[in-house]
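The values are calculated or read from the model by the stated rules, or taken from the named source; none is laboratory data. In this text, all values refer to a predicted model and were calculated from it rather than measured experimentally. Please note: Cβ atoms are built from the backbone with ideal geometry, for glycine as well, and neighbour counts cover all protein chains shown.
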Amino acid sequence: MKKLRIIIITCLCFGNLFSQETGVINNKDSQFVKFKSIDIGDCVWTDGFWADKFEIAEKSMVPSMGKLLASDTGHALNNFKIAAGLKEGEHQGMHWHDGDFYKWMEAALYIYAINKDEKILKEIDDYIAIIGKAQLENGYLQTQITVPGRQPFSERKYHEMYNAGHLYISAIIHHRITGKRNFLDIAIKNADNLYDVFQPQPKELARFGFNQVQIMGLVELYRTTKDKRYLELAEIFVNMRGRSKVTLDPTVRPKMIGDMTQERTPLRKSEEAVGHAVLALYYYAGAADIYAETGEQALIEALDKLWGNIVNQKMFITGACGQKHDGGSSNRDFVHEAFTINYEMHNAHSYNETCANLCNAMFNYRMLGVKGEAKYADVIETVMYNSALSGIDIGGTNFFYTNPLRRDFDHKKGETDYPTRVPYIPCFCCPPNLVRTIAKLSAWSYSLTKNGIAVNLYGGNTLETNLLDDSEIKLTQKTDYPWDGAVLIEVKESKKEAFDIMLRIPEWAKGSTVAINGKKENATAGTYFTINRKWKKGDVISLDMPMKPELVVGHRKIEEVRNQAAVKRGPIVYCIETPDLPENTNVFDVYIPSNIELTPKKESEFLGGLSTLKGTVMLTEDRGDKMYKTLEKQTWKTFDATFIPYYAWSNRGASEMTVFMPILWE
């Protein structure tokens, strides 16, 4: 029976014999999930924005990153070879570098799931063999520990939980796409070791969770193997946080305590997102996975409060998270790369690590699953079009770690804060995280519902999947979204009985209309528009979302953007950059008239192809260097400016940029 099961899973690479077994999240049997995953490869981008990005991932991002991580610069593969006894040398890279390599492997597997290039699979399997040799007999696998000869689980700064979580996820995806067990067995062996160490809950390891990717990984391992120990262990890691007194102990660094690592308040009593934004959002995403399996009310109530706090009081207009590099929490704990106090939304000094932004999307994807509400997909979309893609250049080989909303030439380079994108960041967690998300995004674009299918993200694609009753459905989607709000969805094949097709109407898309075979209806923004009918081949749904450029202002408590506005059109946040301003003009000189008329212009050859906005701004000529001065009447000159999508900035050399600009009231 076991061999038969492996054969069946292998066949899934070539056809949809059984549905919903090979999603990026396998929540088919998750009782407390309303929107369930389609299988990997069921949706394929065909043209337009995300098809272009996937092609860049396939031809540039994944291959170039693979070479880098296998080189003496990236050194990640070297670490595994050294641990396996296949090479001499010392461990290099950050303590979490194993996890970065696993993330790249995951990205490559998503590419393989679409293009079936056997060279990719051969390369991955060769790496799996090396990783297997690096694993200890008891299942422990951490090169940053075994190569230098450190004691396992001696100090949480070594990120053993983070690396383990990414190992599990990558191995599970490999198994789902290929049907092979060579990587999965390594992950299971490691998880068994983790269970043996942590299930007894030894007092000396009570605060060890830290960067808790292992929670998501363990839940997904439970879904894959049906071994309840892994779900039990995932719950233990959630329950451990907030139990211990916030004091120093041998496993904890002095600054990594309290709100910084989400250990001051137990999750179920939390009402505010705190501390390191990546740590927090991985933690919350893992907790959402646990809720999907257990339905524990206290857990989802806490996650609802945390989500509301993030989106309404701590998230940037680009979907980015992580307000400051260093600061203080509302409890006055030191925090780093972190959520700080409500409404503290710096522009030039916002940190917004690419990983944090992506984790925000991951958390919202899981909340979308359990809740089935459009607002979560709205956040995913905002992140992906703005603060995620800003982390990579249009060629797919250079990266940002931080994603501020304003940058000027006086800004001093930090350890991970660069004036322009660079090909290698020694702290390399963000690039593979971004690439794997781009590579799997088509799997987020649709969800399976109780009686049909939901369209979460728009883009030219084909969908061939099975509904939850195992009936086949085939759709095609044609659109120039996000540059145009018109979307056409055609039914190519479906069952004869009535079922739902649900269209997400973004919160910004007021005045949207939906037409089925020409019959038009109004749609409410911020909801899913549900069409229930007996569908037949050739039926066409037309969605029209108005995309008028708008000025967006912040909450009155956000001091940094008071009397300032940002430009937004559809899901895209725009910015102004010095290459599009007169020579010797600083971005601080730009004022935006409150009655500005903005005209979209499609520019297929500019910065990889995009729509700019054209409009007249005002430039101040008062550039004194006094810190304070008496208010005087200013002199102005007009300038016909070009606004570009925020994600596309810094693709023309070093420049200044701003998203928010002072308003000149007319």
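What single numbered condition from (1) over 29 Å from residue 24 (Cβ atoms); (2) in contact with a Lys or Arg (Cβ under 8 Å, 6 or more places away or on another chain); (3) part of a loop (DSSP other than H, G, I, E, B); (4) not hydroxyl-bearing (Ser, Thr, Tyr) fails to hold for residue 321?
With respect to (1) over 29 Å from residue 24 (Cβ atoms); (2) in contact with a Lys or Arg (Cβ under 8 Å, 6 or more places away or on another chain); (3) part of a loop (DSSP other than H, G, I, E, B); (4) not hydroxyl-bearing (Ser, Thr, Tyr), residue 321 is out only on (1).
From 476, 524, grab the single residue that is within 30 Å of residue 550 (Cβ to Cβ) and of a type outside the set (Phe, Trp, Tyr).
Numbers: 476 fails: within 30 Å of residue 550 (Cβ to Cβ).
From the options 476, 524, the qualifying one is 524.
Output the residues belonging to segment 263-294 that are under 20 Å from the mean Cα position of the chain (by Cα) and in a loop (DSSP other than H, G, I, E, B).
273, 274
Do you know which residues across segment 398-442 are in contact with a Lys or Arg (Cβ under 7 Å, 6 or more places away or on another chain) and not basic (Lys, Arg)?
Hits for segment 398-442 are 398, 399, 400, 419, 432, 433, 438.
Would you point out the residue of segment 323-341, among those that are buried (at least 20 other Cβ atoms within 10 Å of the Cβ) and free of Cβ contacts under 8 Å to residues at least 60 places away in the same chain, that is nearest to residue 260 (Cα to Cα)?
For segment 323-341, the residue satisfying everything is 340.
Any residue in segment 343-357 that's buried (at least 24 other Cβ atoms within 10 Å of the Cβ): show its pairings with residues that are in a loop (DSSP other than H, G, I, E, B) and small (Gly, Ala, Ser) at Cβ separation under 6 Å, as long as the two are six or more apart or on different chains.
351/322; 352/320; 352/322; 353/322; 356/322; 357/320
Assess whether residue 361 counts as being in contact with a Gly (Cβ under 8 Å, 6 or more places away or on another chain), in the same structural domain as residue 418 (by TED's automatic domain parsing), in contact (Cβ under 8 Å) with a residue 12 or more places away in the chain and farther than 15 Å from residue 25 by Cβ.
When the stated conditions are applied, residue 361 does not pass them.
Can you confirm whether residue 556 is of a type in the set (Lys, Arg), part of a loop (DSSP other than H, G, I, E, B) and either on the phi > 0 side of the Ramachandran plot or touching a helix residue (DSSP H, G or I) at 6+ places or on another chain (Cβ under 9 Å) (or both)? Before the answer, list the steps.
Working: of a type in the set (Lys, Arg): yes; part of a loop (DSSP other than H, G, I, E, B): yes; either on the phi > 0 side of the Ramachandran plot or touching a helix residue (DSSP H, G or I) at 6+ places or on another chain (Cβ under 9 Å) (or both): no.
Judged against the criteria, residue 556 is not a match.
Is there a residue being in the same structural domain as residue 258 (by TED's automatic domain parsing), of a type outside the set (A, V, I, L, M, F, W, C), touching a Leu at 6+ places or on another chain (Cβ under 8 Å) and over 24 Å from residue 25 (Cα atoms) anywhere in segment 195-218?
Of segment 195-218, the ones in the same structural domain as residue 258 (by TED's automatic domain parsing) are 195-218.
From the residues that got through so far, the ones that are of a type outside the set (A, V, I, L, M, F, W, C) too are 195-196, 199-204, 207, 209, 211-212, 214, 217.
This time we only want the ones that are touching a Leu at 6+ places or on another chain (Cβ under 8 Å), so: 195, 199, 211-212, 214, 217.
Checking which are over 24 Å from residue 25 (Cα atoms) leaves us with 199.
Yes; the residues of segment 195-218 include at least one that is in the same structural domain as residue 258 (by TED's automatic domain parsing), of a type outside the set (A, V, I, L, M, F, W, C), touching a Leu at 6+ places or on another chain (Cβ under 8 Å) and over 24 Å from residue 25 (Cα atoms).
Test residue 520 against the stated conditions and say whether it is in contact (Cβ under 8 Å) with a residue 40 or more places away in the chain and either in the same structural domain as residue 466 (by TED's automatic domain parsing) or buried (at least 20 other Cβ atoms within 10 Å of the Cβ) (or both). Before the answer, list the steps.
On the way: in contact (Cβ under 8 Å) with a residue 40 or more places away in the chain: no; either in the same structural domain as residue 466 (by TED's automatic domain parsing) or buried (at least 20 other Cβ atoms within 10 Å of the Cβ) (or both): yes.
Spelling it out, it is not the case that residue 520 is in contact (Cβ under 8 Å) with a residue 40 or more places away in the chain and either in the same structural domain as residue 466 (by TED's automatic domain parsing) or buried (at least 20 other Cβ atoms within 10 Å of the Cβ) (or both).
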